[in-house]
Ligand code: HEM
């Protein structure tokens, strides 16, 4: 047994810097798999078995800090939000049982394969149009021109929202990520506080509009579930919208961009998939394992407890590093190697685990699979543009590249 404090001084670790974290994470797994990080006041957990244990044990580890700003909102920002009528609480991820159980049960009915399958042709159409629009270009920023708009257009179809609102909601989502998982100064927080007010009021208006005129979409499904006796308030439905309008596209945008980068860097794998699209399924799991969109997630210990061999006190904030757990050599042989033949790739923790397991996983995989199928079919000769550098947005959880310059090559 150790206290976990021994390693804290020597690690000189900046968890907000996600530019190239893997070497450090590997060293943590070997030398101090669970340790206390004083600057953030978080206990960092890096091994697969330990991360899975924390996710799985919701009784000991509460998710009530999952959406807490890493740097608390300043007084002026709080006032802006209060004056603007901002009352949003997490839709699901920071809720705990029994509320979480009650709301999740209702959301799950609206998130079933039926709804996702029904929008598959629309997803194909959105991807077809976006790839056709760049076909004649020699090079593109894949992040900006394809991966950024496509998942939002898909999600908006699911939510019944006009395409014209995409830039606005994408912008709010960026603000939400910066406020919650970033490390902004008081001054930097203020414009984002205004945007959160707009975002929340948009979610509430959406629910009110669907109450007036139901559509074939998710908010209408949730209102119907409420009408049928499901215990969920309008405010909670707006909260689910507030969550999904963020969680449902940012992550998929990142997955597409990270995937293309990894596949371009592993040319023989790209050629393999181009030659045999049946490999896309396992390639998807391996990309999720190797380059997850969300590299860390948070919990709080409700009592004194132990993670691995380390005692952790009551109220300890826990930072689970899934990006590290996914490469843990105890489970994944040669975990630092990208290998689409890997048989156990799907044991990654990129969608979480347990009662909060991502309900959008089928949609994300379906969307990503179609994108990969179409890219390999249409642009088998694409390459990374020489000398283009990728920078990662500074924050603790979302490993988001800021661009990806691609030369499309001769189309098929
Ligand atoms: C590559 C894409 C995605 C990734 C990597 C991802 C990852 C995650 C992770 C790590 C969690 C936390 C799980 C936990 O605490 O155990 C989560 C929760 C959630 N995700 Fe996703 N997600 C993705 C796509 C989506 C999509 C497309 C949607 C909606 C359409 C969605 C909706 C949600 C919601 C509502 C939650 C909260 C669930 C709960 O707390 O019960 N996600 N996701």
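The values are calculated or read from the model by the stated rules, or taken from the named source; none is laboratory data. Just so it is clear, the model here is predicted, and its values are computed rather than measured. Heads up, the Cβs are rebuilt from the backbone with ideal geometry, glycines too, and the neighbour counts pull from every protein chain shown.
For this structure, a couple of remarks:
- Odd one out for residue 384, checked against (1) within 15 Å of the ligand (Cβ to nearest atom); (2) touching a helix residue (DSSP H, G or I) at 6+ places or on another chain (Cβ under 7 Å): (1)
- Count - residues of region 47-69 that are more than 16 Å from the ligand (Cβ to nearest atom) and crowded, with 20+ Cβ neighbours inside 10 Å: 1
- On inspection, residue 251 qualifies as within 13 Å of the ligand (Cβ to nearest atom), in a helix (DSSP H, G or I) and in contact (Cβ under 8 Å) with a residue 12 or more places away in the chain.
- Residue within region 325-337 that is in contact (Cβ under 8 Å) with a residue 24 or more places away in the chain, under 29 Å from residue 98 (Cβ atoms), under 19 Å from the mean Cα position of the chain (by Cα) and surrounded by 18 or more Cβ atoms within 10 Å (Cβ to Cβ) present: yes
- Selection within region 217-248 - in a loop (DSSP other than H, G, I, E, B) and either at positive phi or crowded, with 22+ Cβ neighbours inside 10 Å (or both): 229, 248
- Entry remark, region 380-400: residues being surrounded by 18 or more Cβ atoms within 10 Å (Cβ to Cβ) and either closer than 21 Å to residue 154 by Cα or without any contact (Cβ under 8 Å) to a residue 40 or more places away in the chain (or both) number 2 in total.
- Test: residue 340 is in a strand (DSSP E or B), crowded, with 18+ Cβ neighbours inside 10 Å and away from the ligand (no atom under 16 Å from the Cβ): no
- Among residues of region 353-377 being away from the ligand (no atom under 16 Å from the Cβ) and under 14 Å from residue 124 (Cα atoms), the one that is surrounded by the most Cβ atoms within 10 Å (Cβ to Cβ) is 375.
- Scanning region 37-46 for residues that are closer than 12 Å to residue 319 by Cα, in contact with a helix residue (DSSP H, G or I) (Cβ under 9 Å, 6 or more places away or on another chain) and surrounded by fewer than 23 Cβ atoms within 10 Å (Cβ to Cβ) returns a single hit, 37.
- Being modelled with pLDDT of 95 or more, closer than 23 Å to residue 52 by Cβ and loosely packed, with under 15 Cβ neighbours inside 10 Å is a condition met by at least one residue of region 344-352.
- Looking only at region 105-121, residues that are under 17 Å from residue 357 (Cβ atoms) and assigned to a helix (DSSP H, G or I) come to 8 in all.
- Per-region count, region 267-307, residues surrounded by fewer than 19 Cβ atoms within 10 Å (Cβ to Cβ), in a loop (DSSP other than H, G, I, E, B) and touching a residue at least 60 places away in the same chain (Cβ under 8 Å): 2
- Among the residues of region 70-104, those that are within 16 Å of the ligand (Cβ to nearest atom) and assigned to a loop (DSSP other than H, G, I, E, B) comprise 88, 89, 90, 91, 92, 93, 94, 95, 96, 97, 98.
- Within region 128-139, residues that are in a loop (DSSP other than H, G, I, E, B) have Cβ atoms under 7 Å from residues that are at pLDDT 95 or above in these pairs: 137/408; 138/407; 138/408, counting only partners at least 6 apart in sequence or on another chain.
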